[in-house]
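Shown next, in structure tokens, is the structure this report addresses.
The values are calculated or read from the model by the stated rules, or taken from the named source; none is laboratory data. The shown structure was predicted, so the numbers you read here are calculated from the model rather than taken from an experiment. Neighbour counts run over all protein chains shown; Cβ positions are idealised from the backbone, glycine included.
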Amino acid sequence: MTRDEQIAKAVARLDVTGAEDQDAAWAQLRPLGFAIVPYLSAAYPEFRTWQGRAALVYYATRYARVSEPAVDLGLTALNDRSYMVRYRACGLLAYSLEKRALERLGKALEDDRELVAQSAQAAINAIRAGNHHLFADTGLSGRTSWSVNPGDIAVGGKPPPIPSRLKRIVLGIRPAR
């Protein structure tokens, strides 16, 4: 069995409903770093459980700024039949800060599930402001942060400040609640 086949087989172990089994499978894959993302993307169409697809998106989030396939996975997952996968996709795209995701996130504002629609708005806010913390800070309080990778929180433990009221108006940023 080639190395690629071994990695693909290990990724396939994420397609389970139990978080403990997913955690065990991920522990074997995480040392691969961002090189794992193409395997996560390739596995997505084959996964049968929503929990497995959500895990693929969740684990790809940390690489969304350094891996175009991670962003592509997020864009694909915005159309998933499971609202939890769509929610995870919003988070991945918010963390990526990729402006090319704005149009697709705009369509997600009309999602039947309130969680997805609010998450899409929060992701749009984060991308427009260039501040991924706004995905977690849906009320724009400036007191909530979201740490995905080391270095996401500034020295002193505070997230970057939210844009001023005027800048929020100019950028079209509004509370996600």
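Any residue that is at pLDDT 95 or above, within 21 Å of Pro45 (Cβ to Cβ) and surrounded by 15 or more Cβ atoms within 10 Å (Cβ to Cβ) - is there at least one of those in segment 123-135?
Checking segment 123-135: not a single residue is at pLDDT 95 or above, within 21 Å of Pro45 (Cβ to Cβ) and surrounded by 15 or more Cβ atoms within 10 Å (Cβ to Cβ).
Would you check which residues across segment 23-33 are buried (at least 16 other Cβ atoms within 10 Å of the Cβ) and under 17 Å from the mean Cα position of the chain (by Cα) and list them?
Residue satisfying the conditions is Trp26 alone.
Of these, Val116, Val85, Val57, Val71, which one is surrounded by 15 or more Cβ atoms within 10 Å (Cβ to Cβ) and in contact with a Gly (Cβ under 7 Å, 6 or more places away or on another chain)?
Among Val116, Val85, Val57, Val71, only Val57 is surrounded by 15 or more Cβ atoms within 10 Å (Cβ to Cβ) and in contact with a Gly (Cβ under 7 Å, 6 or more places away or on another chain).
Can you list residue pairs whose Cβ atoms sit under 8 Å apart, with the first residue in segment 102-114 being touching a residue at least 24 places away in the same chain (Cβ under 8 Å) and assigned to a helix (DSSP H, G or I) and the second being surrounded by 14 or more Cβ atoms within 10 Å (Cβ to Cβ) and among the charged types (D, E, K, R)? Count only pairs 6 or more apart in sequence or on different chains.
Hits for this filter: Leu102/Arg128; Ala108/Arg86.
Please pick out the residue among Ser119, Ser141, Ser145 that is out of contact with any His (no Cβ under 8 Å at 6 or more places or on another chain) and assigned to a loop (DSSP other than H, G, I, E, B).
Ser141
Please find, among Ala55, Ala64, the residue that is part of a helix (DSSP H, G or I) and at pLDDT 95 or above.
Ala55
Residues in segment 34-48 that are part of a loop (DSSP other than H, G, I, E, B) and either surrounded by 16 or more Cβ atoms within 10 Å (Cβ to Cβ) or of a type in the set (A, V, I, L, M) (or both): how many?
1
List the pairs whose first member sits in segment 24-44 and is modelled with pLDDT of 95 or more, whose second member is among the hydroxyl-bearing types (Ser, Thr, Tyr) and outside any helix (DSSP H, G or I), and whose Cβ atoms are under 6 Å apart, counting only residues at least 6 apart or on separate chains?
Close Cβ pairs satisfying both conditions: Val37/Tyr63; Val37/Ser67.
Does Val116 fit the bill of being in contact with a helix residue (DSSP H, G or I) (Cβ under 8 Å, 6 or more places away or on another chain), modelled with pLDDT of 95 or more and under 22 Å from Glu46 (Cβ atoms)?
Considered against the rule, which asks whether it is in contact with a helix residue (DSSP H, G or I) (Cβ under 8 Å, 6 or more places away or on another chain), modelled with pLDDT of 95 or more and under 22 Å from Glu46 (Cβ atoms), Val116 comes out as no.
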